[in-house]
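Before any comments, here is the structure.
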Amino acid sequence: MDRKIWLSVAAAAIGASLLVAAATAAPTKIQAKKGHAAKGGTFVVEMDSDVDYTDPALDYLSTGWELMYAAACKLYNFPDKEAPAGSHLEPEVAVGLPVISNRGKTYTIKLKSTYKFSDGSKVSASNFVAAMNRLANPKLQSPATPFMDVIAGAQAVVDGKATKISGVNAINATTLQIKLTKPAPDLISRLTMPFFQAIPKSLSGNHDPNGVLTYSSCGPYYFAARTPNKSITLKKNKFYTGGRSANVDTIQVNIGNSLEVALQNVESGASDYAATGVPSTAYATLAAKYGVNKGRLFVKPQLGVQYLAMNHDRPLFKNNPQLKKAVNWAIDRRALLNQSGFLDGTRNDQILPPGLPGAKNVAIYPLEVNARTIAKAKLLAAGHTQDGKAVLWTANRAASLLQAQIYQFNLKQIGLDVSVQAFSRGVQIEKEGTRGAEFDFTTEGWIADYADAYDFINILLSGNTIHESNNNNVAYFNSPKYNKQMTAASNLVGSARQAAYQALDVDITTNDPAWAARSNFNDRIFVSARTRGFTYNPVFSFDYATVFVNK
Amino acid sequence: MFRYLIRRLLWAVVLFVAVTMVTYMIFFVIPANPARLACGQRATEECVRNAEARLGLDRPIPVQYAKFLQRLVIDRSLGQSFTNRQDINKTILDAAPVTASLVIGGAILWMLVALPIGILSALRPRSLLDRAATVFVLFGISLPVVWIGLVLQYVVGYRLAWTPNAGYCDFIDPAEFATCGGPVDWAYHLILPWITFALLFCAIYVRMIRANVMDTLGEDYVRTARAKGAPEPQVMRSHVLRNALLPVVTMLGMDIGIALGGAIFTEAIFGLPGLGRLAVQSLNTFDLPMIQGTVVFATLCIIVFNIVVDVAYAFIDPRIRLD
């Protein structure tokens, strides 16, 4: 019997020794080295989930566009600058602004001849033509096609009736011509989207609907490798001759670690930047430890808005501006913002986010509730609450549910008994986007596709965009007066355009609010101790090309 | 044996069809539209319509299901992801080795610990070792895997930095520009996931092995063997352990089969790109083909391991006849 016992003990010892052996076989721990910030090195990024694509025609997520910002060269781009300068577009491959003729329907753009792809080939007008033809190709089904609706001949390619867009032509290597079906003053803003970057010859004929994982690009970096759900590697484009920065040699994105691990890794220096954030409960601690905007934790405003949409298809809000104003007076914007974590946003009551060209802060509704504001809200709502019942839709995320309870409490004070229905985010988008859906309120948010007020006011509030399904105007706001003004504003350019949208923002919010805007998004950026500097672009967020690290 | 295998395989087909059909039905009860999500925030009706056609969502549900079966049986393809258009066969095959590394390594670990402790506890009931084992079992069963994982990850991986706190390295053939790779890095990164994954099973198996061995020790045939003067090692090997470990083999096969479908919590905590994490991501993005892919793989694992266990039974215990 004793022999058996010793055999068992030996088996346990073998098990334990295997563990110890594995532990002692560990490679050397990575440690952040102290030193001077200089060009070169590897910048290690943490993402908890993968980007959707790294194909320029398919990628349409903000984390992917951050990387694309470092890799792409476009006709026009937002400069590597902080707000507000970072949201004013500049020519990149283009030489100056386009020559616009034919009553705003023909754009002729001169190109620089100095840009090169990471494979060494030259960038010419034909690379931009190829990019647009590829975007419109029906095999790819690119999400970029809605942004090409004004380009002559694009729809024919989308419909499979042509293979090349008749309205986009390379006159010569350095001259590109784009013909439109109608004037579109925001065209060059649209062209700043990564969809419209130049693509190399090797990619132009590739219409694989699965997209590509890597390709040669003409920005400061290029996608050198990608293993879906595991990692993405960007390397410096050694042929890059544009004016943008390219400081580190490699940007290494590690995918899949939880937010808790991302926090630990950035704190310890094993990684440099938590691109998808750290746990929301950690920001207050980090702020206390490192301060805000003092070296490790940075808070930067984004071009986005969070709001409570009011459904104008429902009797409660149809021709009922008094109640809509009352809702705006009643909601506790501070309490709502507090639920999503420390420094998650900035309270606001307007449609256009600060920093967007045309946005101007005007005090319309209270950002802080008190007895006086509640009294005002009650006064406005009196006699306008119909049967006093309303349905609020929200996402079943923790913060959204807490915010729904605050809305419930706030609206109860003006005589609305709100029942909350929570859905997973995908279900909420689908249901609220279908006309006739039975909700009175829905919680929503919007991040700019490009820095133009059209992307907020026309896309989210124009009655002309309402369909039976897939609506972005989930307030179903359809005012003939404002529809007309929105269309007129969209046809203006320059300061006149900005002034028109500014007036619309203030007018709608003051007199006939479609929503109760509550806050603008902040990007909370936590970086490693060895990260010595970076720029935050208000449109594309974290600017990888400008990062410096200690070597 | 042959007839038995045929019968089991036919049942496996029925089970497989039932599981995949139920997954399909559940998916379509949820009123989310993957085509809408695929078109991004500024989805137009035209884009959604085209995406529905591309994804096959414009056809009646039974037709979609029939197409899925046809593609699976004839082309041996699980299709493409709704969200990133990646080939699902490849994605599953990339994720499966990660989960297999976790599960098989974890199973070896828990058996290495559970076997000696379970047997020793049974041989020395109410001894100090037995009482310590009981406390271990109590902790192992009571503590949630998530809690154990997070504590190990924070204390051992982050504060003490004895092991990596998360991440996975390929055993062979690491990806281009990968920061780690090879058997040493692979094992080093899996130490904490193995412990986390194994602890619960370890506790369960200790309890089960102890009970089985104690029961068997009291059997008449064990007493008879000893009375006939059989040496103790032979009694233990041929009469006690052979009978006592029979249910353990069944449990082990079942547990490994189920876990290969995805050890969701352990993979999520330690950032392992395995099937469990893939399944969670797919659920979050309403990626039906990917969900189906993980379900199909998990179902196959369970079916195969069940059959393996049943066949192994016949070899371990000569009294059992499969026919």
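For a 19 Å ceiling on Cα separation, which of these pairs sit above it: A:K81/A:K122; A:K81/A:K551; A:K39/A:K235; A:K81/A:K300; A:K318/A:K481; A:K139/A:K182?
Numbers: A:K81/A:K122 27 Å; A:K81/A:K551 24 Å; A:K39/A:K235 13 Å; A:K81/A:K300 12 Å; A:K318/A:K481 15 Å; A:K139/A:K182 26 Å.
In this structure, A:K81/A:K122; A:K81/A:K551; A:K139/A:K182 exceed 19 Å between Cα atoms.
Taking the C-alpha atoms of chain B, how large are the radius of gyration and the largest Cα-Cα span, Dmax, in Å?
23.9, 85
How far apart, in nanometres, would the label points at A:E438 and B:V184 be if each is projected 7 angstrom from Cα along the Cα-to-Cβ direction?
Spacing of the two 7 Å Cα→Cβ label points: 6.6 nm.
How high is the FRET efficiency from A:K481 to A:K112, r the C-beta distance, R0 56 Å, rounded to 0.05?
Numbers: r = 45 Å, r/R0 = 0.80.
The computed FRET efficiency comes out at 0.80.
Let me see the pair-distance distribution of the range A:135-215: every alpha carbon pair, 10 Å bin width, integer percents in order.
Distribution as computed: 16, 51, 30, 2 percent.
Listing A:H312, A:H88 from the residue with the fewest other Cβ atoms within 10 Å to the one with the most, what is the order? Kindly include the intermediate steps, with their values, before the conclusion.
Details: A:H312 21, A:H88 14.
Ascending Cβ contact count within 10 Å gives the list A:H88, A:H312.
Given a Förster distance of 41 Å, report the FRET efficiency between A:N210 and B:Y221 from their Cβ-Cβ distance, rounded to the nearest 0.05. Mind showing how you got there, number by number?
Working: r = 63 Å, r/R0 = 1.53.
Efficiency, rounded to the nearest 0.05: 0.05.
How high is the FRET efficiency from B:R49 to A:A162, r the C-beta distance, R0 25 Å, rounded to 0.05?
On the way: r = 20 Å, r/R0 = 0.79.
Efficiency, rounded to the nearest 0.05: 0.80.
Within chain B, which DSSP H helices have Cα atoms that stretch 20 Å or more along the helix axis and a mean Kyte-Doolittle hydropathy of at least 1.6? Show your work: numbers first, answer last.
Numbers: long enough: B:2-29 (41 Å, 1.77); B:88-123 (50 Å, 1.66); B:128-142 (21 Å, 1.57); B:183-217 (43 Å, 1.06); B:246-260 (22 Å, 1.85); B:288-316 (41 Å, 2.01).
Counting only whole DSSP H runs, the qualifying helices are B:2-29, B:88-123, B:246-260, B:288-316.
Can you tell me what share of the DSSP beta bridges in the protein assembly as shown is antiparallel? A percent to the nearest 5 is fine.
Details: 58 of 76 bridges.
Antiparallel bridges make up about 75 percent of those DSSP assigns within the protein assembly as shown.
So between B:Q234 and B:D75, what do we pick up on full extension, going 0.36 nm a residue minus the alpha carbon distance? All intermediate terms of the calculation are to be shown ahead of the outcome.
Values: separation 159, 0.36 × 159 = 57.24 nm, distance 5.32 nm.
Taking 0.36 nm per residue and subtracting the Cα distance, the gain is 51.9 nm.
In whole Å, what are the Cα extents of the range B:34-76 along the three principal axes, biggest one first?
Largest first, the range B:34-76 extends 37, 19, 12 Å along its Cα principal axes.
With a cut-off of 14 Å, note down the residues of the range B:191-211 whose backbone N falls inside the zone around a label point 7 Å from the Cα of B:R131 toward its beta carbon.
Label zone hits: none.
Taking GluC sites (Glu not before Pro) that fall in a DSSP loop and have at most 12 other Cβ atoms within 10 Å as cut points, what is the longest piece of chain A between them? Don't jump to the answer; show the numbers that get you there.
Values: sites that count: A:E368, A:E438, A:E468.
Longest run free of exposed loop sites: A:1-367.
Looking at chain B, which longest stretch skips every one of the GluC sites (Glu not before Pro) that is in a DSSP loop with at most 14 other Cβ atoms within 10 Å, leaving the sites themselves out? Please list the in-between numbers first.
On the way: sites that count: B:E176, B:E219.
Within chain B, the longest run free of exposed GluC sites (Glu not before Pro) spans B:1-175.
Identify the trypsin sites (Lys or Arg not before Pro) of the range A:191-288 meeting these criteria: DSSP loop state and at most 16 other C-beta atoms within 10 Å of the C-beta.
Details: sites: A:K201, A:R226, A:K230, A:K235, A:K236, A:K238, A:R244; in loops: A:K230, A:K238, A:R244.
Loop-located and lightly packed - A:K238.
Got a sec? Which residues in the range B:203-241 would a label at B:V249 touch, if it sits 7 Å along Cα→Cβ and we count backbone N under 15 Å?
B:237-241
Report the trypsin sites (Lys or Arg not before Pro) located in the range A:103-191 that are in a DSSP loop and have at most 12 other Cβ atoms inside 10 Å of their Cβ, or state none.
Values: sites: A:R103, A:K105, A:K110, A:K112, A:K116, A:K122, A:R134, A:K139, A:K161, A:K164, A:K179, A:R190; in loops: A:R103, A:K105, A:K112, A:K139, A:K161, A:K164.
Counting only loop positions with at most 12 other Cβ atoms within 10 Å, the trypsin sites (Lys or Arg not before Pro) in the range A:103-191 are A:R103, A:K139, A:K161.
Could you let me know the centre-to-centre spacing of the range A:35-101 and the range A:375-417, using Cα atoms, in angstrom?
Cα centroid to Cα centroid, the span is 40 Å.
Near A:K325, which lysines are there with a Cα under 16 Å away, not counting those fewer than 8 places off in the same chain?
A:K376, A:K378, A:K412
Gap in Å between the Cα centre of the range A:265-324 and the Cα centre of the range A:513-551?
12
Distance in nm between label sites at B:L143 and A:H467, each 7 Å beyond Cα in the beta-carbon direction?
Going by the 7 Å Cα→Cβ label model, 5.4 nm.
Counting only C-alpha contacts under 8 Å and six or more residues apart, can you give the relative contact order of chain A as a whole percent?
Numbers: 1227 pairs, mean separation 116.3, N = 551.
Contact order relative to length: 21 percent.
Got a sec? Which residues in the range B:285-318 would a label at B:I30 touch, if it sits 7 Å along Cα→Cβ and we count backbone N under 19 Å?
B:285-299
May I ask you to give the average projected area over all directions of the convex hull of the Cα atoms of the protein assembly as shown, in nm² rounded to one decimal?
Numbers: hull surface 165.6 nm².
Over all viewing directions, the protein assembly as shown projects a mean Cα-hull area of 41.4 nm².
With chain B treated as a Gaussian network of Cα nodes joined by springs under 10 Å, which of B:A43, B:A114, B:A268 yields the largest mean-square fluctuation?
In this elastic network of chain B, the residue with the biggest mean-square fluctuation among B:A43, B:A114, B:A268 is B:A43.
Only sites in a loop by DSSP and with at most 14 other Cβ atoms within 10 Å count here; which trypsin sites (Lys or Arg not before Pro) in the range B:219-280 make the cut? Show your work: numbers first, answer last.
On the way: sites: B:R223, B:R226, B:K228, B:R237, B:R242, B:R277; in loops: B:K228.
Listed in order of number, the matching sites are B:K228.
Expressed in nm to one decimal, what extension gain is obtained for the pair A:L61 and A:V493 from 0.36 nm per residue of sequence separation less their Cα-Cα distance?
Residue separation times 0.36 nm, minus the Cα-Cα distance, leaves 152.7 nm.
Could you tell me how far the Cα centroid of the range B:93-143 sits from the Cα centroid of the range A:194-240, in Å?
Using only Cα atoms to place each centre, the spacing works out to 48 Å.
We did not get these values from a lab; they are worked out from the coordinates using the rules stated. On a predicted model such as this, the values are computed, not experimentally measured, just so you know. Because the Cβ atoms are built from the backbone with ideal geometry, glycine has one as well, and the counts that use them run over all protein chains shown.
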